[in-house]
Every structure is written in structure tokens, then in C-alpha cells.
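The values are calculated or read from the model by the stated rules, or taken from the named source; none is laboratory data. The structure displayed is predicted, hence computed values, not measured ones. Here the Cβ positions follow ideal geometry from the backbone for every residue, glycine too, while neighbour counts run over all protein chains shown. To get the accessible areas, we keep the full protein, side chains included, count just its heavy atoms, and leave off ligands, DNA and RNA. Shrake-Rupley method; radii C 1.70, N 1.55, O 1.52, S 1.80 Å.
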Amino acid sequence: MDVARLQQAIKRAIAARGIVEYAEAGREIRVDASATMVPSSRDEVPADAAEATADPNAVVSPCFGIVHLSPSPGAPQFVRVGDIVVAGQKVCLVEAMKVFSAVVATAVGRVAAVCVAAGDEVAQGQTLFRLERPSGDRDV
């Protein structure tokens, strides 16, 4: 199979967000890029997602995926509104393709808001939690 031609077929499918079929020497490959994970109008990325990383009080998603607020079904949530967290403390998990990424607090603070619900689809950079910093912290 000609790898260069196959790569070109895949690139065309992705660019067109469509379906490209590739056949050579009795082998067929069908590339369907129409199912690429792109937010639909009902799942649009929130306006603050791009700005969230600039907010020192926001804990943001490291990737696109599904939010898990507890370590397993039926277990207590990692954190709730009012809990005190420290930098590096695990606050939730984001699952993408059966890979779980830990989301950690970025600073010491009190959880002021949980901005998502368990099972929500989130975008990379989307705000998951808002923290209130101690009054002596200049980044509040």
C-alpha cells in the first residue's frame, strides 16, 4: 500500500470533514471524518472558555472530555462548594477516550462555584471550578 497516497486521502477527508474511500491492490480503506468531535450549536463552547486560562481563580479543563466529579460512581465528590483546597489537590477527572486526566487546584482557596455537572461534556480550557483566594493573596 502506498503510504503517501493513503496520507493524502486522510488529509482530504479531514479537510472536507467528509468520507474518502481508498482502494489499492484489493484492499479498501474508508476514512469518515464527518464524525469528528466538533461542538454542535447545542454544545457550543462557552464564551469564557478561551479566557479561562487567564483567570487565576479558575480551575480549567486540560482537554475535551466528560467530567467526573467523584472518583467512582456512588463515591463522594472530590470537592464541593465551600471546601478548602490546596495547590495540586485533585478536584475532578476529565475522561477522553477512556483515559482519565486528573484536574488539580491551581492555588490555595475555597471552592466558590462548581461550574459543571457530573457527566457534562467540556472543552479544553473551559472553567470547571472557581476559587476564592485568601484575602492576603494578591491574585484574587
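Here is how the numbers come out for the structure above:
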quantity: Residue count for the range 90-119, restricted to those that are open to solvent by 60 Å² or more (accessible area, probe 1.4 Å) and in a loop (DSSP other than H, G, I, E, B); calculated: 6
quantity: Residue count for the range 31-90, restricted to those that are at pLDDT 50 or above, of a type in the set (Gly, Ala, Ser) and under 30 Å from ARG12 (Cβ atoms); calculated: 4
quantity: All positions within the range 52-76 that are in contact (Cβ under 8 Å) with a residue 40 or more places away in the chain and in a loop (DSSP other than H, G, I, E, B); calculated: ASP55, PRO56, ASN57, SER61, PRO62, CYS63, PHE64, LEU69, SER70
quantity: GLU132 being open to solvent by 50 Å² or more (accessible area, probe 1.4 Å), touching a Lys or Arg at 6+ places or on another chain (Cβ under 6 Å) and touching a residue at least 60 places away in the same chain (Cβ under 8 Å); calculated: yes
